[in-house]
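Written out below as structure tokens is the structure these notes cover.
The values are calculated or read from the model by the stated rules, or taken from the named source; none is laboratory data. As the structure is a computational prediction, the values presented were derived from the model and not from experiment. Heads up, the Cβs are rebuilt from the backbone with ideal geometry, glycines too, and the neighbour counts pull from every protein chain shown. Quick note on the areas: whole protein, heavy atoms, side chains included, nothing else; ligands and nucleic acids left out. Shrake-Rupley method; radii C 1.70, N 1.55, O 1.52, S 1.80 Å.
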Amino acid sequence: MTAPPSEARRVSVGIGQLAISRDPKEVLVAYGLGSCIGISCYDPQSRVSGLAHVLLPSSDGKRVEDREPARFADTGIDLLLRRLAEAGASPGDSSSRSPGALLCSARRTRKNSRLAKEMPKPSGNG
């Protein structure tokens with residue numbers, strides 16, 4: 001893994017938040033994940049990236065608050081993918097290995113490992 005350039009601006013994504021960036025000088029970070037899951041996506045063709053800092057696996061029908069749109073994985077992941085598409089990313093087929101397919105990964109801890117196992121396999125090389 002390569003360290004970000006020193007001129008990079010770090011954008012902190014708090015619990016329940018998500019961020020989208022088209023700026024190659026921005027680095028999206030989620031500090032102190034603990035039992036949370038950080039879900040990152042990148043479209044190499046459009047150079048759009050996104051990060052969601054998910055706290056809980058399921059909303060169980062609870063209303064999602066505007067100030068924490070990514071609090072729940074079942075609603076936050078869909079919102080992350082929608083916002084990426086709005087910014088110009090091309091999610092494509094999750095089973096695709098074609099260039100330009102959206103690449104997604106999850107950083108997890110044991111507490112939320114069940115959710116990460118249920119995520120679709122990331123597309124791209126790998």
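With the requirement that a residue be open to solvent by less than 80 Å² (accessible area, probe 1.4 Å) and either farther than 19 Å from L79 by Cβ or at pLDDT below 90 (or both), what does segment 4-28 give you?
P4, P5, A8, D23, E26, V27
With segment 19-60 as the region, which strands (runs of 3 or more DSSP E) entirely inside it contain at least 2 residues that are touching a helix residue (DSSP H, G or I) at 6+ places or on another chain (Cβ under 9 Å) and touching a residue at least 60 places away in the same chain (Cβ under 8 Å)?
Values: elements: 26-29, 37-43, 48-54.
Per the criteria, 37-43.
Looking at (1) over 15 Å from D78 (Cα atoms); (2) without any contact (Cβ under 8 Å) to a residue 24 or more places away in the chain; (3) loosely packed, with under 15 Cβ neighbours inside 10 Å; (4) not hydroxyl-bearing (S, T, Y), can you tell me which one D66 breaks?
Of everything listed in (1) over 15 Å from D78 (Cα atoms); (2) without any contact (Cβ under 8 Å) to a residue 24 or more places away in the chain; (3) loosely packed, with under 15 Cβ neighbours inside 10 Å; (4) not hydroxyl-bearing (S, T, Y), D66 misses just condition (1).
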